[in-house]
Amino acid sequence: MSEQITVTIAGGECVTMPHGSTAAAALEHASGNNAIAALVDGRAVDLSLPLESDCTVSAVDPQSSEGLEVLRHSTAHLLAQAVKRLYPEAQVTIGPVIEDGFYYDFAYDPGFTPEDLDRISAEMSKVVKERLEVTREVMSKADAVALFRSMGEHYKVDIIEGLEDNIVSLYRQGEFVDLCRGPHVPNTRCLKAFKLTHVAGAYWRGDEHNAMLQRIYGTAFADRKQLKEHLARLEEARKRDHRKLGKQLGLFSFHPEAPASPFFHPPGARVYNLLVDYIRGLYVDYGYDEVVTPQILDVDLWHQSGHYDNYKDNMYFTEVEGRELAVKPMNCPTHCLIYADSIRSYRDLPIRFADFGRLHRYERSGVVHGLTRVRSFSQDDAHIFCTPDQMREELSSVIRMILDTHKVFGFEETRIYLATRPEKSIGDDAMWEKAERTLTEVLEASGESYEVNPGDGAFYGPKVDFCVLDAMRREWQLSTAQLDFSMPERFDLKFVDNTGGEQRPVMVHRAILGSLERFIAILIEHTGGALPLWLAPCQVKIVTVTDRQNEYAAEVAASLKESGFRAFADLRNEKLGFKIREAQQAKIPVVIVVGDREVEDKSLSPRLRDGEQLDAMTMEEFTGWLSQRSRPQNQGGVP
């Protein structure tokens, strides 16, 4: 009689089974089992895994996060198998799961076209219908190298040779075999809801000096309904793409003369400056002093701050008169220099320096993306120098500032994450414990819910990250507050305490909008380009029916401009319908049509962006109506 083991099924039921029974057999005792994989003592495994000892087994449902990962990883293998069937000369490389999907990189010189994706997708569906069993096997590293070398899969050989383990696992389905840790679905029939989305270029191992590969992106879900909903969200995201809308609205452009560095056109510059003005208004309320610091500084400064060791590959350097200089990637060291320029008393603290200076970071061409990741940008950056006893009050102030700002811009939901001490850190245990306790107490006192990200803090101190959800429920990390004990130490910053002795200040790094460029991209996609009235580059467009109304329309525009509004008159000899459609495409909040009656009555008939037609009003009435809705706190007044 074979050795018996005790298996605890999720839910509490215990069953006795023969040693070597599979996870699938154990889950036959679970009710409502729809497993595509299993969790054995919390570890995701194949259903075919033999159970060697007493354990707890639960089902991995395809609807769960673990299930989606298994489905998507298995679909990546399905994609690779279809490609190898159709294009035998293509070499497979890697195919990981990513957020909302997966990709697989191929070495294939002709490249793939959208038509190829249709053909590959059809072949994937054929493989699904074949119901190929997916099996796992292990072999020595040397045997795996020999196997893939015999298949002509040189990239796989490169991967295996770089592994430390002497035993590797492979997965087979039909004629296809791939290096993988798993787990995977039991058979290809489980993969019914997938979609290949697009092709892009990618360097082998992410290094621009290596060969360019073809990356095929796709996604997979547990059922076709979820897939359909996801594809609808993707289509909506394409419509809201800030790169497309930015061009349509005339906000910004990119040019090869300055790679990954945006050019803001007059409408975009208006939005940019309005954001700066809004933050500057907060600085008055919250007691910040703005500073202006150089963009190019001696490289020794970046050695002193520690950025050279951590950010050298993302910095720009130059040399003048034999002296090596670096272009500023961040503001904090320059603020330390200003702080250290004077003797500081505890009575002077807290000191809050804010800086809109331009920053430059060398981002690889493969990761830059519109305004969300650029090489030249500006932050609403600030650093607070305070005593340890002032940390709680300063952080509370920053949190209020952040959450109020999110609501002003229409972000109704913010997710907060407390990131604690990482493995590699500086400072003593007592300081870290006090800092983390302070952040925890501040968050608790705020009444806001938050999650803890253990070990995700900066090496110099813990931090709180604030992520907003946009209109499509996508999460964007936007704001941050970080405690820093390293920089004051590196720059020997001090303040005189109430006993006449010297102490180190605590430094708080803080950003509200973050990069203005990135924030504009997020806001465009959140609003679909329909920026709130107070932020719209053109608030009011006056259009005429015929040339007879041009004089009155110009007077209205001039009067509104004198009152501080961004108003423009369209006096072109074009059809009225054409002018109105252009204004709608430009997402202008208010359009005023001027005809003979309006000229005669000296009246205005505003039409809102959502199509609502307001009653006719006088110029004075309209100016009052506009004034009430042109401030950030009242930005919801116009659809």
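The values are calculated or read from the model by the stated rules, or taken from the named source; none is laboratory data. The structure presented is a predicted model; accordingly, all values stated were derived computationally and were not measured. Note: ideal-geometry Cβ built from the backbone for every residue, glycine included; neighbour counts use all protein chains shown.
What the table below lists for this structure:
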item: Among the residues listed as THR93, THR113, the single one being of a type outside the set (Asp, Glu) and modelled with pLDDT under 95; result: THR113
item: Strands (runs of 3 or more DSSP E) (entirely within region 1-57) containing at least 2 residues that are farther than 18 Å from PRO183 by Cβ; result: 4-9, 14-18
item: Any pair with Cβ under 6 angstrom, 6 or more apart, that starts in region 8-20 at a residue that is free of Cβ contacts under 8 Å to residues at least 24 places away in the same chain and ends at one that is surrounded by 11 or more Cβ atoms within 10 Å (Cβ to Cβ) and of a type in the set (Val, Ile, Thr); result: CYS14/THR6; CYS14/THR8; VAL15/VAL7; THR16/THR6
item: Helices (runs of 4 or more DSSP H) contained entirely in region 511-617, each with at least 1 residues that are free of Cβ contacts under 8 Å to residues at least 24 places away in the same chain; result: 550-562, 576-585, 596-601
item: Residue within region 259-270 that is within 24 Å of VAL408 (Cα to Cα), touching a residue at least 60 places away in the same chain (Cβ under 8 Å) and not in a helix (DSSP H, G or I) present; result: no
item: Check on LEU337, in contact (Cβ under 8 Å) with a residue 40 or more places away in the chain, under 30 Å from GLU393 (Cβ atoms) and either touching a Leu at 6+ places or on another chain (Cβ under 9 Å) or not hydrophobic (A, V, I, L, M, F, W, C) (or both); result: yes
item: Output for region 344-388, where each listed residue is over 22 Å from GLN295 (Cα atoms) and not in a strand (DSSP E or B); result: ARG344, TYR346, ARG347, ASP348, LEU349, PRO350, SER365, GLY366, VAL367, GLY370, THR387, PRO388
item: Hits in region 232-278 - residues which are surrounded by 15 or more Cβ atoms within 10 Å (Cβ to Cβ) and within 14 Å of CYS538 (Cβ to Cβ); result: LEU249, LEU251, HIS265, PRO267, GLY268, ARG270, VAL271, LEU274
item: Search result, residues across region 389-416 that are outside any helix (DSSP H, G or I) and either at negative phi or without any contact (Cβ under 8 Å) to a residue 12 or more places away in the chain (or both); result: PHE409, PHE411, GLU412, GLU413, THR414, ARG415, ILE416
item: Condition check for ALA76: in a strand (DSSP E or B) and surrounded by 22 or more Cβ atoms within 10 Å (Cβ to Cβ); result: no
item: Given (1) acidic (Asp, Glu); (2) within 17 Å of LEU418 (Cα to Cα); (3) surrounded by fewer than 19 Cβ atoms within 10 Å (Cβ to Cβ), index of the condition GLU436 fails; result: (3)
item: Count of region 394-431 residues which are farther than 18 Å from TYR450 by Cα and not β-branched (Val, Ile, Thr); result: 12
item: Residue within region 218-230 that is surrounded by fewer than 18 Cβ atoms within 10 Å (Cβ to Cβ), in a loop (DSSP other than H, G, I, E, B) and at pLDDT 90 or above present; result: yes
item: Cβ pairs under 6 Å, 6+ apart, first in region 106-119 and over 17 Å from TRP204 (Cα atoms), second modelled with pLDDT of 90 or more; result: LEU117/LEU196
item: Flag for ASP109 being among the acidic types (Asp, Glu), touching a strand residue (DSSP E or B) at 6+ places or on another chain (Cβ under 6 Å) and within 12 Å of GLN214 (Cβ to Cβ); result: no
item: The lone exception for ALA419 - which of (1) among the hydrophobic types (A, V, I, L, M, F, W, C); (2) in contact with a Pro (Cβ under 8 Å, 6 or more places away or on another chain); (3) touching a residue at least 60 places away in the same chain (Cβ under 8 Å); (4) crowded, with 19+ Cβ neighbours inside 10 Å it fails; result: (3)
item: Qualifying positions in region 86-101 - part of a loop (DSSP other than H, G, I, E, B) and on the phi < 0 side of the Ramachandran plot; result: TYR87, PRO88, GLU89, ALA90, THR93, ILE94, GLY95, PRO96, GLU99
item: Of all residues making up region 489-530, the number that are within 23 Å of the chain's Cα centre (by Cα) and either within 23 Å of SER261 (Cα to Cα) or surrounded by fewer than 21 Cβ atoms within 10 Å (Cβ to Cβ) (or both); result: 20
